[in-house]
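Working notes for the structure below.
The values are calculated or read from the model by the stated rules, or taken from the named source; none is laboratory data. These figures come from a predicted structure and were not determined experimentally. Because the Cβ atoms are built from the backbone with ideal geometry, glycine has one as well, and the counts that use them run over all protein chains shown.
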Amino acid sequence: MFAQRAAGERPFVVWDYHVVMLEEAEESSNLIWDLDTLLPFPCTFDDYWKAAEYSRSNKGFWKVIPCEKYLEHFSSDRSHMKTEDGAWLSPAPSWEPILKDGLNNLDDFISMDSKILTDIIEFTVFSL
């Protein structure tokens, strides 16, 4: 994926998964909110799609989760951000984790099983 801070000096980064927010706008262009982008924040979906250089040659998918489902179901203890001995891989976020009843269900959100939370959409659906 291009236009990402995590790429550093390289032109692109390969994510195993990457989370962005897509804001559907009624009267203007849809917006992408990506905390790691080098593009304006937020930026239009069209600009994001072109700059990140998604194409039909990429065998990728988007898992689109409606905001209501995310807010209702998401829960993480941030264990994915720590080493086996409990040390942080990077500085911890300053806000409290979103943890409901001690449940850590991040894997449900990462899973590309369409039976979990939502439908899976192929990149080609978004081609401009």
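For this structure, a couple of remarks:
- Residue within the stretch 68-75 that is farther than 22 Å from D113 by Cβ and of a type in the set (K, R) present: no
- Of the residues making up the stretch 74-97, those that are within 15 Å of I110 (Cβ to Cβ) and over 16 Å from the mean Cα position of the chain (by Cα) number 2.
Conditions tested, residue by residue: (1) farther than 25 Å from I98 by Cβ; (2) part of a loop (DSSP other than H, G, I, E, B).
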position	(1), (2)
E26	yes, yes
L35	no, yes
L39	yes, yes
K50	yes, no
W62	no, no
D77	no, yes
G86	no, yes
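- Annotation: S111 fulfils all but one of (1) surrounded by 15 or more Cβ atoms within 10 Å (Cβ to Cβ); (2) modelled with pLDDT of 85 or more; (3) hydroxyl-bearing (S, T, Y); the unmet one is (2).
- With respect to the conditions (1) surrounded by 14 or more Cβ atoms within 10 Å (Cβ to Cβ); (2) at pLDDT 90 or above, F41 lacks only one, and its number is (1).
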